[in-house]
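Down below is the structure, laid out as structure tokens.
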Amino acid sequence: MKRLSLPLLAALLVAAVLVSLCLGKYRVPLDDILAFAGWKFFGLSGLDEESRGLLTNVLLDIRLPRILAALLIGAALAVSGTAFQALFINPLVSPGILGVLAGASFGAALGMMLANSWLVVQCSTLAFGFAAVGVAVGIARLFRSHSIIMLVLGGIISGAFFTALLSIAKYAADPTNQLPAIVYWLMGNLAAADRPTILTVSVPMLLGIVLLLCHGGRLNVMSMGEEEASALGINVKQVRMTVIFLATMVSALTVVIGGIIGWVGLIIPHICRMLVGPDNRLLLPAAALLGATYLLVVDNVCRLLFTFEIPTGIVTSLIGIPFFVLVLNNVRRGWR
Amino acid sequence: MSALMQTLGVNFAYRGRKVLHDISLDFRAGEVVSLLGPNGSGKTTLLKVLLGLLMPQSGFVHFEGRLLQSYRRTELAKRMAYVPQVHREAFAYTVEEVVLMGRMPYHGFFSTYSAQDRVLAQTAMAKVGIGHLQDRPYTEISGGERQLTLIARALAQGADVFIMDEPVNGLDYGNQMRLLSDIVGLAREGLTFIMTTHFPDHALMTADRVILFREGAVLADGHPAAVVTTGSLQELYRIEVKVMNIPGQTGSARVCVPAWAL
């Protein structure tokens with residue numbers, strides 16, 4: 001079962017992508033998608049001129065960017081959640097533990113208030129995501145302690161600080177234009193994801209995810225505790241800072257693409273741990289695949305269930321919370 | 001014989017509170033050394049200094065004549081293994097996965113285990129008699145089995161120096177004795193053990209050499225029979241205790257009995 005789970009999860013992901021390409025206001029049959037792919041990649045002539053243009057528009061310009069956004073965000077959150085759980089030796093940790101989401105939220109709000117440009121909003125989101133984690137790590141350093149508990153406390157303080165700043169930003173924002181935009185953004189929504197942004201952001205995100213996947217063995221050892229990891233030849237501080245940097249980067253970039261998408265980073269690692277066990281060398285790729293698939297499916301529901309769109313972040317929370325209650329028993333057993 | 005490990009005038013303090021005072025000790029290859037001393041006497045701190053996990057404020061630690069901090073962590077991990085006392089267990093790794101972690105120092109960035117790693121892990125588990133547990137979650141086995149798993153991991157690590165912090169802590173009497181006899185067996189194969197214990201009896205059973213610790217300083221250092229005596233134990237723990245000889249078939253064993261029980 002364990003050996004088969006990665007290929008199975010990968011197959012599930014491919015299936016989800018194909019189904020997502022089909023679904024929408026304009027239904028595209030699977031045959032057309034395959035014919036389109038055949039024309040695009042192999043130069044086969046299975047389509048007439050008119051449907052080529054139409055499918056290019058529907059599939060490549062409209063659906064594929066959003067599918068990519070869902071895959072990237074889902075994988076990034078699930079992988080950084082898994083990595084942080086090993087790093088903090090606690091299966092209840094989520095990617096936001098060091099304040100990255102609070103910082104990025106404030107950054108997005110500030111960007112929306114100060115400038116009328118998406119680029120500014122995106123840069124500000126990323127910068128304040130990193131700033132919040134910097135504050136958390138800085139607070140831990142202030143006490144000359146490299147212990148995990150000080151980092152967690154630093155994260156709580158930093159998160160609270162940037163949440164307060166976000167409140168100030170909301171209070172100061174123009175209530176007719178800016179405030180609704182900020183609130184709507186923070187609900188988490190993939191509809192806003194535009195193609196150039198996703199293509200640009202996908203490069204560092206993929207790189208970050210792949211580099212995190214390479215840390216599986218070291219994260220296993222790190223989760224045995226700092227001293228044992230050192231005695232097993234791990235440069236604990238270096239690995240810790242690398243993982244924190246990578247997880248912060250990919251999590252902040254999820255906010256850049258789609259606002260705050262909650263709970264994916266907490267529940268996907270749990271489901272994967274039930275499927276493949278706790279070995280991070282297997283768990284991280286499993287989380288990447290399942291996280292991507294999960295968010296894609298949820299996003300399809302959000303865009304298709306009603307005639308209007310529901311913010312994706314709301315639905316991930318609505319699904320995540322009852323699910324978390326269900327697995328709570330399992331969580332408790334693992335964490336003593 | 002030259003020393004495998006050496007501390008020279010090591011001083012260590014936690015936030016200004018002195019824990020180790022001017023410790024100079026030699027550890028020879030193949031020795032079983034027991035550190036005895038009351039709670040808070042600095043035994044565990046000394047182990048962590050030997051492992052390079054704590055840096056002394058002054059003094060030096062040498063491993064094979066070279067300064068400990070001049071070694072890379074992966075180099076040290078191939079020579080020295082740490083078998084800790086308390087163990088955090090957040091994730092239910094299987095026993096085999098825990099033992100395989102001992103092979104980490106031999107791998108680079110991608111940390112994929114080879115077939116040879118698996119063989120070494122199997123051998124290590126068989127050696128301490130936990131082969132049948134390999135697929136069980138580490139969180140669901142007994143304390144003694146967990147301790148044996150960590151020893152198997154140290155064996156898989158290929159280390160020749162085992163640094164153990166109260167290895168019998170939390171084990172029942174049977175498991176304590178089995179574990180101590182395993183340690184003696186491994187020491188006969190040439191491994192070096194440096195371990196702390198709260199039981200003078202265990203030091204008498206296993207050690208080639210006993211070091212008595214009090215308030216961060218060495219009180220006595222030498223052959224168990226010479227060091228673990230009625231007088232020294234009374235001074236060390238401030239209780240009335242007698243060290244007695246029990247005659248056996250080939251020699252005699254020494255045991256400690258509190259005076260009130262005699």
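The values are calculated or read from the model by the stated rules, or taken from the named source; none is laboratory data. Predicted model only: the values in this text are computed from it and were never measured. Because the Cβ atoms are built from the backbone with ideal geometry, glycine has one as well, and the counts that use them run over all protein chains shown. Surface accessibility is based on the protein's heavy atoms, side chains included, excluding ligands, DNA and RNA. Shrake-Rupley method; radii C 1.70, N 1.55, O 1.52, S 1.80 Å.
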**Item:** Segment B:Asn245-B:Asn39, extension gain: residue separation times 0.36 nm, minus the distance between their alpha carbons
**Value:** 71.5 nm
**Listed residues A:Ala15, A:Tyr184, B:Met244: farthest to the positive end of the dipole of the protein assembly as shown (Cβ charges)** = B:Met244
**Message:** At a 10 angstrom cut-off on C-beta neighbours, averaged per residue, how do the peptides A:107-115, A:244-252 rank from highest to lowest?
**Reply:** A:244-252, A:107-115
**Request:** Using every pair of alpha-carbon atoms in the stretch A:40-153, split the distances into 10 Å bins beginning at 0 and state the percent of pairs per bin, rounded to integers.
**Result:** 13, 26, 26, 17, 12, 5, 1
**Item:** Carbon and sulfur %, accessible surface of chain B computed with the full protein complex present, 1.4 Å
**Value:** 53 percent
**Estimated [θ] at 222 nm from DSSP helical runs (n ≥ 4, -39500 (n - 2.57)) normalised by residues in chain A, nearest 500** = -25500 deg cm²/dmol
**Message:** If each DSSP helix of 4+ residues adds -39,500 (n - 2.57) and the sum is divided by the residues in chain B, what number results at 222 nm, nearest 500 deg cm²/dmol?
**Reply:** -9000 deg cm²/dmol
**Folded to 0 to 90 degrees: helix A:264-276 orientation relative to chain A principal axis, Cα** = 90 degrees
**Request:** Could you calculate, for chain A, the ratio of the Cα radius of gyration to the Kirkwood radius, expressed as Rg to Rh?
**Result:** 0.99
**Request:** Rounded to the nearest 100 Å², what's the accessible area chains B and A bury against each other, both chains counted, probe 1.4 Å?
**Result:** 2800 Å²
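Taking the highest mean first, how do the peptides B:46-55, A:267-276, A:163-172, A:128-137 order by number of other beta carbon atoms within 10 angstrom per residue?
Ranked by mean Cβ neighbours within 10 Å, highest first: A:128-137, A:267-276, B:46-55, A:163-172.
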**Prompt:** Could you give the dipole magnitude of the protein assembly as shown about its Cα centre, charging the beta-carbon of Lys and Arg +1 and that of Asp and Glu -1, in debye to the nearest 20?
**Reply:** 420 debye
**Asked** In debye, nearest 20: dipole of the stretch A:1-140 around its Cα centre with unit charges on the Cβ of K, R (+) and D, E (-)?
**Response** 400 debye
**Karplus-derived 3J(HN,Hα), 6.51/-1.76/1.60, for each residue of the stretch B:197-205, Hz, glycine and proline x** = 8, 9, 10, x, 4, 5, 4, 5, 6
**Cross-link pairs beyond the 26 Å C-alpha cut-off, checked among A:Lys2/B:Lys78; A:Lys170/A:Lys237; A:Lys237/B:Lys48; B:Lys43/B:Lys242** = A:Lys2/B:Lys78; A:Lys170/A:Lys237
**Request:** Give me the Kirkwood hydrodynamic radius of chain B, using the inverse of the mean 1/r over all pairs of distinct Cα atoms, in Å to one decimal.
**Result:** 19.4 Å
**Item:** Inter-part distance where the stretch A:3-71 and the stretch B:184-262 are each reduced to a Cα centre, Å
**Value:** 75 Å
**Asked** Mean separation of Cα pairs under 8 Å and 6+ residues apart, divided by the residue count of chain B: what relative contact order is that in percent?
**Response** 24 percent
**Prompt:** For A:Val203 and A:Ala164, what does the FRET efficiency come to when R0 = 22 Å and r is the distance between their Cβ atoms, rounded to the nearest 0.05?
**Reply:** 0.05
**Request:** Mind checking the stretch A:57-147 for trypsin sites (Lys or Arg not before Pro) that DSSP puts in a loop (not H, G, I, E or B) and that have at most 15 other Cβ atoms within 10 Å?
**Result:** A:Arg144
**Asked** What's the Cα-based Rg to Rh of the protein assembly as shown, Rh via Kirkwood?
**Response** 1.09
**Asked** Put a dot 7 Å past each Cα toward the Cβ at A:Val14 and B:Asp172; how far apart are the dots in nm?
**Response** 5.3 nm
**Request:** Can you find, among A:Ala136, A:Leu47, A:Thr200, the residue farthest towards the positive end of the dipole of the stretch A:2-334? Put +1 on the C-beta of Lys and Arg, -1 on that of Asp and Glu.
**Result:** A:Ala136
**Message:** At R0 = 60 Å, how high is the FRET efficiency between A:Tyr26 and B:Arg136 if r is their beta carbon distance? Nearest 0.05 is fine.
**Reply:** 0.65
**Asked** How many nm separate the modelled label positions at B:Ala13 and B:Ser252, each set 7 Å beyond the Cα in the direction of the Cβ?
**Response** 4.7 nm
**Request:** Answer with one residue from B:Thr7, B:Val161, A:Trp118: the one whose Cα lies farthest towards the positive end of the charge dipole of the protein assembly as shown, charges on Cβ with Lys, Arg +1 and Asp, Glu -1.
**Result:** B:Thr7
**Message:** Over the Cα atoms of the stretch A:201-242, what radius of gyration and what Dmax do you get, in Å?
**Reply:** 12.0, 38
**Request:** Evaluate peptide A:229-240: per residue, the Cβ atoms of other protein chains within 10 Å of its Cβ; return the mean as an integer.
**Result:** 6
**Complete:** In Å³ per residue, the alpha-carbon convex hull of the stretch A:162-248 encloses 141 Å³
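Across the residues of B:107-119, average count of Cβ atoms on other protein chains within 10 Å? The partial results should precede the final answer.
Numbers: counts 3, 1, 5, 6, 10, 3, 2, 0, 0, 0, 0, 0, 0.
Mean inter-chain Cβ contacts per residue within 10 Å come to 2.
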**Request:** Count the net charge of all other residues whose Cβ sits under 14 Å from the Cβ of B:Leu180, scoring Lys and Arg as +1 and Asp and Glu as -1.
**Result:** -3
**Item:** the stretch B:5-228, dipole about Cα centre (Lys/Arg Cβ +1, Asp/Glu Cβ -1), debye to the nearest 20
**Value:** 560 debye
**Prompt:** What does the stretch B:139-262 give for Rg and for Dmax, in Å, if only its C-alpha atoms count?
**Reply:** 15.6, 46
